[in-house]
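S.K.: Here it is, the structure in full.
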């Protein structure tokens, strides 16, 4: 099917892209855009049991539906639609060199795409208790479970399931599980905070299908933990903080990418490795 479609466009059967990992893509605004429309449903509850002072538990279910979603078609999806014949209308956005048929640019301007349906569950725990007259300990945990994430690229078109998928060629990912744990010890004006973040593993997807071990070699990204610590001091209206981000120098996981070999939108905080920060602020 692909070979026949390429042949109709004058592309030889032995054609190879010189820049196989990168296709120059034009992105930007579109004067014909219409407003998005959507609905949001949220149900939740908060529990503060009186027999455990300082404890708060909450649960929230949320669901979003968006129509006429404003976004840009991914380059790989655009190429797939054109050269598989699924939607040859996208071929007009691909400009090739007439001499060697190499792709010069692909046009992926913002459009009113089909829609998006997503929902999930958030669970929160917060607990603060006094250890001594000068010391307090605060514990908190935020657990996020993605239940569904579906996207439609054209009105009335196919819905693609991206729950637990990382779109390696579109710099986006939807891990099923995220978790943020924080513990803070306070002694008068001093504080020490430890934070642990977890991002669940994801299967790689090219916007159309999941990769597998047979088709892609590397085809998934494992779950990953990162750790931060912060030392703080409060002096009247002034606050001072010093800390270390990515305490154990965790490296971002490898993801197919023509520039960074990872997904900067998902793991950008790890690219710098372990780093130290100092900051000061004042309340007016």
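S.K.: Once the Cβ-Cβ distance between residue 265 and residue 34 is put in as r, and R0 is 22 Å, what FRET efficiency do you end up with, to the nearest 0.05? Walk me through the intermediate numbers first.
M.R.: Values: r = 26 Å, r/R0 = 1.19.
Here the calculated transfer efficiency is 0.25.
S.K.: Looking at (1) 1, 6, 12, 17, 19, 18, 14, 8, 3, 1, 0, 0, 0; (2) 1, 5, 8, 11, 13, 13, 12, 10, 8, 6, 5, 3, 2, 1, 1, 0, 0; (3) 1, 5, 9, 11, 11, 10, 10, 10, 9, 8, 6, 4, 3, 2, 1, 1, 0, 0, which value of P(r) over Cα pairs in 5 Å bins from 0, in percent comes from a calculation on the structure shown?
M.R.: Computing P(r) over Cα pairs in 5 Å bins from 0, in percent and matching it to (1) 1, 6, 12, 17, 19, 18, 14, 8, 3, 1, 0, 0, 0; (2) 1, 5, 8, 11, 13, 13, 12, 10, 8, 6, 5, 3, 2, 1, 1, 0, 0; (3) 1, 5, 9, 11, 11, 10, 10, 10, 9, 8, 6, 4, 3, 2, 1, 1, 0, 0 gives (2).
S.K.: At a 10 angstrom cut-off on C-beta neighbours, averaged per residue, how do the peptides 172-184, 221-233, 120-132, 22-34 rank from highest to lowest? Intermediate results must be reported in sequence, preceding the final value.
M.R.: Details: 172-184: 17.5, 221-233: 15.8, 120-132: 14.2, 22-34: 11.5.
The packing order, highest mean first, is 172-184, 221-233, 120-132, 22-34.
S.K.: Please tell me the relative contact order of the stretch 133-284 in percent, rounded to the nearest whole number, where contacts are Cα pairs under 8 Å and at least six residues apart.
M.R.: Numbers: 333 pairs, mean separation 28.3, N = 152.
The normalised contact order for the stretch 133-284 reaches 19 percent.
S.K.: While we're here: Hey, what's the per residue convex hull volume over the C-alpha atoms of the stretch 21-156, in cubic angstrom? Display every interim value, and only then the final one.
M.R.: Working: hull volume 26.1 nm³, N = 136.
Spelled out: Cα convex hull of the stretch 21-156, divided by residues, is 192 Å³.
S.K.: Length gain on complete extension for the stretch residue 192 to residue 61, per 0.36 nm per residue less the alpha carbon to alpha carbon distance?
M.R.: Details: separation 131, 0.36 × 131 = 47.16 nm, distance 3.22 nm.
Difference between extended and current length: 43.9 nm.
S.K.: Using 1/(1 + (r/R0)^6) with R0 = 51 angstrom and r between the beta carbons of residue 123 and residue 26, what's the FRET efficiency to the nearest 0.05? Can you show the working numbers first?
M.R.: Working: r = 42 Å, r/R0 = 0.83.
My answer for the efficiency is 0.75.
S.K.: Between Rg and the Kirkwood Rh of the stretch 152-210, both from Cα atoms, what is the Rg to Rh ratio?
M.R.: 1.31
S.K.: How long are the semi-axes of the equivalent ellipsoid of the stretch 69-221, taking √(5λ) for every eigenvalue λ of the Cα gyration tensor, in whole Å from largest down? Intermediate results must be reported in sequence, preceding the final value.
M.R.: On the way: eigenvalues 417, 53, 45 Å².
Working through the eigenvalues yields semi-axes of 46, 16, 15 Å.
S.K.: Ranked highest first by the average count of other Cβ atoms within 10 Å around their residues, in what order do 48-54, 112-118 fall? All intermediate terms of the calculation are to be shown ahead of the outcome.
M.R.: Working: 48-54: 9.9, 112-118: 19.1.
Final packing ranking: 112-118, 48-54.
S.K.: Treat the count of other C-beta atoms within 10 Å as a stand-in for reagent exposure and order 82, 91 from fewest to most. Could the numbers behind the result be given before it?
M.R.: Values: 82 22, 91 16.
By the 10 Å Cβ count, ascending, the order reads 91, 82.
S.K.: First measure r as the distance between the Cβ atoms of residue 50 and residue 171, then evaluate 1/(1 + (r/R0)^6) with R0 = 45 Å and state the FRET efficiency to the nearest 0.05.
M.R.: Values: r = 47 Å, r/R0 = 1.05.
Step by step, r from the Cβ atoms, then E = 0.40.
S.K.: What full-extension length gain, to one decimal in nm, is calculated for residue 68 and residue 239 as 0.36 nm per residue of separation minus the Cα-Cα distance? Working shown, then result.
M.R.: Working: separation 171, 0.36 × 171 = 61.56 nm, distance 4.52 nm.
Extra length available between residue 68 and residue 239 comes to 57.0 nm.
Read the figures in this text as sums done on the coordinates, not as results from a lab. These numbers were taken from a predicted model, which means no experiment stands behind them. Here Cβ is always computed from backbone atoms with ideal geometry, including for glycine, and neighbour counts include all displayed protein chains.
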